[in-house]
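Visitor: Questions regarding the structure given below will be posed in turn.
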Amino acid sequence: MTLHVSPATGKELRAALPDLARLRMTVFRDFPYLYEGSADYEQRYLETYLQAPGAFVVLARDGDRVVGASTALPLLHETPEVRRPFEQSPEFDPAQVLYLGESVLLPDYRGQGLGHAFFDQREAHARTLGLPVTAFCAVQRSPSHPARPAGHRPLNAFWQARGYAERPDLQTEMSWQELGEVQETPKPMRFWVRQSP
């Protein structure tokens, strides 16, 4: 196993998009996202990271195989449902926020420090852009959700250790087709925020 973590741009990123789409659909199929997945949607979604100014993608490879990825985008280039809680908050200037899109990693590669590497590189990118706030959102699921696996542990403690605070005052909804659904439905999402000292 030869793991390598580095940013990807331009032609390298373009070439990796099909691998990224498959990775997202694989990882997000599990609880808590239960994402049905669509290659067409993934292609459109990931195209944003080729086009938007300040977009950032980190790839983790085992040899030539993409086994993990992490993304970030200045909040101003995000969708309305992502921007809205910050636009409506008197505490934040949306122009000062880097939105952390996702970190996805195949199960066999977890627990080896790649999650920290993903955050390290995205937070360094925020500093490069002069953005003092990094934020992401996570789906809210009931502790009694029928698809919740036995022993499931949310990542809250990991995020808190990275300096992120859960913000119940910053909430939104995102829609996707969940396993077993016939169409997309809105899901509640809550933000976690880290502000540079």
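The values are calculated or read from the model by the stated rules, or taken from the named source; none is laboratory data. Because the structure is predicted, anything quoted here is derived from the model rather than measured. Cβ sites come from the backbone with ideal geometry, for glycine too, and all protein chains shown count toward neighbours.
Visitor: Out of all the residues in the range 173-190, is one or more hydroxyl-bearing (S, T, Y), modelled with pLDDT of 90 or more and surrounded by 13 or more Cβ atoms within 10 Å (Cβ to Cβ)?
Guide: If we filter the range 173-190 for residues that are hydroxyl-bearing (S, T, Y), which is where we start, we get 175, 185.
Then keep just the ones that are modelled with pLDDT of 90 or more; that gives 175, 185.
In the following step, the residues that additionally are surrounded by 13 or more Cβ atoms within 10 Å (Cβ to Cβ) were identified as none.
No, the range 173-190 contains no residue that is hydroxyl-bearing (S, T, Y), modelled with pLDDT of 90 or more and surrounded by 13 or more Cβ atoms within 10 Å (Cβ to Cβ).
Visitor: Would you point out which residue out of R14, R24, R83, R110 is touching a residue at least 40 places away in the same chain (Cβ under 8 Å) and of a type in the set (K, R)?
Guide: Numbers: R14 fails: touching a residue at least 40 places away in the same chain (Cβ under 8 Å); R83 fails: touching a residue at least 40 places away in the same chain (Cβ under 8 Å); R110 fails: touching a residue at least 40 places away in the same chain (Cβ under 8 Å).
Within the list R14, R24, R83, R110, the selection yields R24.
Visitor: Working only within the range 156-178, note down all residues that are over 21 Å from A124 (Cα atoms) and touching a residue at least 40 places away in the same chain (Cβ under 8 Å).
Guide: D169, L170, Q171, T172, E173, M174, W176, Q177, E178
Visitor: What number of residues in the range 131-153 are under 20 Å from S89 (Cβ atoms) and either of a type in the set (V, I, T) or assigned to a strand (DSSP E or B) (or both)?
Guide: Qualifying residue count for the region: 6.
Visitor: Another question, if that's okay. I'm told T128 meets every condition in (1) part of a strand (DSSP E or B); (2) at pLDDT 95 or above; (3) of a type outside the set (F, W, Y) except one. Can you identify the failing condition by its number?
Guide: Failed condition: (1).
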